[in-house]
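Asks: Mind having a look at this structure? Questions to follow.
The values are calculated or read from the model by the stated rules, or taken from the named source; none is laboratory data. Here the structure is a predicted model, which means the values were calculated and not measured. Reconstructed Cβ throughout: ideal geometry from the backbone, glycine too, with neighbour counts over all protein chains shown.
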Amino acid sequence: MARYIGPKSRIARKFGEPIFGPDKVLEKKNYPPGAHGQNGRRKKTSEYGTQLREKQKVKYTYGVLEKQFSNMFKKASNSKGITGVELLQLLEGRLDNVVYRLGIGRTRSAARQLVLHKHITVNGGIVNIASYQLKQGDIIAVREKSKSLQVINDSLADHGTNKYSWLEWDGSQMSGKFLNRPEREEIPENIQEQLIVELYSK
């Protein structure tokens, strides 16, 4: 499966946010990369540039490439709801994202690896497709053979209690339930989805 494998700290510095997870480099250098990053001598960004930047940030945040993102936007725009919100709900409903939200993986990238390596089940069956769209009531669990993996247990220990109202976590079973699609105000990411809608409407 294609995915972004380039420099992550540089991208996080570009957006000024830890979009790939905690980043020590970003903490030390909280300014854009490049010769003029620290003193801010950069051209004023155009409206199109601002919209494009927001789309890129969302793609990097959720680990989605251009074709996937475009297809998700088309699906969101064909739905009855608000396009921007529908897009974010589709992104939040991806299996790799939910594995991350439940704390099974420390980052979305780590969660994606767990899914691809068949450590995760959905409704009792192994699913190794990171982009798999979850439906209301789906049960996401750590595969029985994988429950002793140190990387999973360490991540769950660091995650603490369930932080998201649209998910339910059972620590004794190492399983979670996708209760419903989150409302916009429940999604914690710093995203201006309307800019993306405006970009695609040009």
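Asks: Please go through the range 75-95 and give me each residue that is farther than 18 Å from Asp170 by Cα and within 14 Å of the chain's Cα centre (by Cα), ordered by number.
Replies: The first filter runs over the range 75-95 and keeps only residues farther than 18 Å from Asp170 by Cα, leaving 75-94.
Within the range 75-95, Leu87, Leu88, Gln89, Leu90, Leu91, Glu92, Gly93, Arg94 qualify.
Asks: What is the one condition in (1) modelled with pLDDT of 95 or more; (2) surrounded by 14 or more Cβ atoms within 10 Å (Cβ to Cβ) that His159 does not satisfy?
Replies: Unmet for His159, out of (1) modelled with pLDDT of 95 or more; (2) surrounded by 14 or more Cβ atoms within 10 Å (Cβ to Cβ): (1).
Asks: Scan the helices (runs of 4 or more DSSP H) fully inside the range 92-171 and keep the ones with 2 or more residues being farther than 21 Å from Pro188 by Cα and touching a residue at least 40 places away in the same chain (Cβ under 8 Å).
Replies: On the way: elements: 95-101, 108-116, 150-159.
Helices (runs of 4 or more DSSP H) meeting the threshold: 150-159.
Rundown of residues vs (1) touching a Phe, Trp or Tyr at 6+ places or on another chain (Cβ under 8 Å); (2) over 30 Å from Glu47 (Cα atoms), yes/no style:
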| site | (1), (2) |
| --- | --- |
| Tyr164 | no, yes |
| Leu167 | yes, yes |
| Asn180 | yes, yes |
| Glu185 | no, no |
| Ile191 | no, no |
| Ile196 | yes, no |
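Asks: Just for helices (runs of 4 or more DSSP H) wholly inside the range 1-89: which have at least 1 residues that are at pLDDT below 55?
Replies: Details: elements: 8-15, 24-28, 47-62, 66-77.
Of the helices (runs of 4 or more DSSP H) lying wholly inside the range 1-89, those with at least 1 residues that are at pLDDT below 55 span 8-15, 24-28.
Asks: Next up: Whether any residue in the range 120-130 is surrounded by fewer than 18 Cβ atoms within 10 Å (Cβ to Cβ), within 30 Å of Tyr200 (Cα to Cα), within 15 Å of the chain's Cα centre (by Cα) and modelled with pLDDT of 95 or more is what I want to check.
Replies: yes
Asks: Could you please give the count of residues in the range 172-181 that are part of a loop (DSSP other than H, G, I, E, B) and of a type in the set (Ser, Thr, Tyr)? Give the steps one after another, and end with the answer.
Replies: Taking the range 172-181 as the starting set, the residues that turn out to be part of a loop (DSSP other than H, G, I, E, B) are 172-174, 179-181.
Adding the requirement that they be of a type in the set (Ser, Thr, Tyr) leaves 172.
Total meeting the criteria: 1.
Asks: While we're on this one: State whether one or more residues within the range 106-118 are under 14 Å from the mean Cα position of the chain (by Cα), under 23 Å from Asn162 (Cα atoms) and assigned by TED's automatic domain parsing to the domain that holds Glu193.
Replies: No, that holds for no residue.
Asks: Okay, next question. Looking at (1) surrounded by fewer than 16 Cβ atoms within 10 Å (Cβ to Cβ); (2) over 29 Å from Thr50 (Cβ atoms), which one does Ser146 not meet, given that it meets all the others?
Replies: (1)
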